[in-house]
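All of the numbers you see were taken from the coordinates with simple rules; none came from a lab. From a predicted model like this one, the values you see are computed outputs, not experimental measurements. All Cβ positions, even for glycine, are placed from backbone atoms using ideal geometry, and neighbour counts span all protein chains on display.
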Ligand code: FES
């Protein structure tokens, strides 16, 4: 298997950080108008044509540093994995933060039932999201650090779409009064074991696909 170059979600390069451990094979269709370079390395996954056809893909999440994100291509879509720190997780329940969200309780069908919770995921510490802005499809930029000035007042960390300014929190919940109408989608996934996530397959007994959601 070959390795490829990595980037930093559109943010300035930081040589001290290991960002993308993206696990990808196959061609990737450009998402929206955001020109984002990606770091990609190969994995233990099936061949590109098999993944493109929708086969599940296993991701080693043990290599994601606390507070870091990796992006993996699955079915031509960027799948975001964030190893959320305890501090990040705590922001998801902060009422001052959630009061500014359009759908804080994930009532709109943008996720499976097993992610319709306050952290929008199977485990609070791991976010798994489809990185396609629900406005016009750009790749939102990962801005995880709280910042009192950017991109909104009292920013707790999350995503900012570079195209038209839509904002999401670290669970992919969209803010009020931005162009994007809905939360970022959550793909079907399960934990094969504590270190491995399988994207494209639901837990036993659950039926869910991205074809069911309101906005992709
Ligand atoms: S595509 Fe994200 S704000 Fe327009």
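Observations on the model:
- When you count the other C-beta atoms within 10 angstrom of each residue and take the mean per peptide, 137-143, 110-116 line up highest first as 137-143, 110-116.
- Projecting label points 7 angstrom from Cα along Cα→Cβ for residue 216 and residue 118 puts them 3.1 nm apart.
- Once the chain from residue 103 to residue 65 is taken as fully extended at 0.36 nm per residue, the excess over their C-alpha distance is 10.8 nm.
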